[in-house]
Amino acid sequence: MDGKQGLVCDGCGQAASPGHMARRLQRLEWATRYRPVHIGTLLLGAAAPSAEAEFFYSPEGAFAGEAARLAEIAALTQLDRAKEQLHIAFQRSGFFATHVLECPAEQDSQVAMTDLVSARLPAAIVRIRRSLRPKRVALIAASLEPFAVQLRSELSDSQILLNGEKAFRLDQGEASVEVLLLRRALAPEPFEEG
């Protein structure tokens, strides 16, 4: 028996072992600790990264991958502080990072990812609308692009930030240009005198 028979994770919809569930609860605990009371910008990814160092709220090690890019977006990379202090600075800036699939996708194909996101998106939308209530939602994964119209429609109380009609692709290759574009989209509009 593989330990997954009949057990489905409520955070991602995938078959889950007790270890899978324990890792999900650990990520949830880490993220909840630094959730702002009022979320200015929700950085929404498709699936949680599989490497702990890439999960932004992990207390261990240096930021890597997605976590490093999120730190860049919030201008945390130039701060010489302990990781907990960087998490607090991210929180105080009104940022919160989450994923439609709260766990890593166990299947690697784009079709499987699209199917998983599609199945989990309604629950994620309810969570965003009722619990998180952000002012802005920045889509940070290419896998979310097919759902941009749906997110815009169903999260009408939040401004949906896109790079044109695409997501800010922080999950693909060298994302430094995408980080700069998202930082520009997040910058306050200059005051114009009339």
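The values are calculated or read from the model by the stated rules, or taken from the named source; none is laboratory data. A quick note: this is a predicted structure, and the numbers were derived from the prediction, not measured. All Cβ positions, even for glycine, are placed from backbone atoms using ideal geometry, and neighbour counts span all protein chains on display.
Restricting region 4-33 to residues that are of a type in the set (S, T, N, Q) and within 17 Å of the chain's Cα centre (by Cα), which is surrounded by the fewest Cβ atoms within 10 Å (Cβ to Cβ)? Let's see the steps before the verdict.
At the first step, the residues of region 4-33 found to be of a type in the set (S, T, N, Q) are 5, 14, 17, 26, 32.
Still in the list and also within 17 Å of the chain's Cα centre (by Cα): 26, 32.
Values: Gln26: 14, Thr32: 9.
Here the residue is Thr32.
Filter region 34-53 for residues that are surrounded by fewer than 19 Cβ atoms within 10 Å (Cβ to Cβ) and either in contact (Cβ under 8 Å) with a residue 12 or more places away in the chain or part of a loop (DSSP other than H, G, I, E, B) (or both) and give the result. Working first, answer last.
From region 34-53, those surrounded by fewer than 19 Cβ atoms within 10 Å (Cβ to Cβ) are 35-38, 40, 50-53; that's our starting set.
Listed by number, the residues that qualify are Arg35, Pro36, Val37, His38, Gly40, Ser50, Ala51, Ala53.
Quick check, is Leu86 under 25 Å from Ser131 (Cβ atoms), outside any loop (DSSP other than H, G, I, E, B), touching a strand residue (DSSP E or B) at 6+ places or on another chain (Cβ under 7 Å) and not basic (Lys, Arg)?
When the stated conditions are applied, Leu86 does not pass them.
What's the number of the condition Leu28 fails, among (1) touching a residue at least 12 places away in the same chain (Cβ under 8 Å); (2) outside any helix (DSSP H, G or I)?
Condition (2) is where Leu28 drops out.
Filtering region 167-186 down to residues that are of a type in the set (D, E, K, R) and out of contact with any Ser or Thr (no Cβ under 8 Å at 6 or more places or on another chain), which residue is farthest from Arg152 (Cα to Cα)?
Per the stated criteria, the residue is Glu174.
Would you check if Gln78 is surrounded by fewer than 21 Cβ atoms within 10 Å (Cβ to Cβ) and assigned to a helix (DSSP H, G or I)?
So Gln78 fails the test.
Among what's in region 171-187 and is touching a Lys or Arg at 6+ places or on another chain (Cβ under 7 Å) and part of a helix (DSSP H, G or I), pick the residue that is farthest from Thr41 (Cα to Cα).
Our first condition is that a residue be touching a Lys or Arg at 6+ places or on another chain (Cβ under 7 Å); within region 171-187, this holds for 175, 178-179.
Subsequent filtering for residues that are part of a helix (DSSP H, G or I) retains 178-179.
On the way: Glu178: 16, Val179: 14 Å.
Of everything passing the filter in region 171-187, Glu178 is farthest from Thr41 (Cα to Cα).
Do we find that Phe168 is part of a loop (DSSP other than H, G, I, E, B), among the aromatic types (Phe, Trp, Tyr) and under 22 Å from Glu54 (Cα atoms) in this structure?
Yes; evaluated as a whole, the condition is true for this residue.
Of the residues Arg152, Arg130, Arg120, which single one is out of contact with any strand residue (DSSP E or B) (no Cβ under 8 Å at 6 or more places or on another chain), assigned to a helix (DSSP H, G or I) and modelled with pLDDT of 90 or more?
Numbers: Arg152 fails: out of contact with any strand residue (DSSP E or B) (no Cβ under 8 Å at 6 or more places or on another chain); Arg120 fails: out of contact with any strand residue (DSSP E or B) (no Cβ under 8 Å at 6 or more places or on another chain).
Exactly one of Arg152, Arg130, Arg120 is out of contact with any strand residue (DSSP E or B) (no Cβ under 8 Å at 6 or more places or on another chain), assigned to a helix (DSSP H, G or I) and modelled with pLDDT of 90 or more, namely Arg130.
Could you go through region 102-115 and let me know if any residue there is in a helix (DSSP H, G or I) and in contact (Cβ under 8 Å) with a residue 60 or more places away in the chain. First the steps, then the outcome.
Quick first cut of region 102-115, residues in a helix (DSSP H, G or I) only: 110-115.
In the following step, the residues that additionally are in contact (Cβ under 8 Å) with a residue 60 or more places away in the chain were identified as 113.
Scanning region 102-115 turns up at least one residue that is in a helix (DSSP H, G or I) and in contact (Cβ under 8 Å) with a residue 60 or more places away in the chain.
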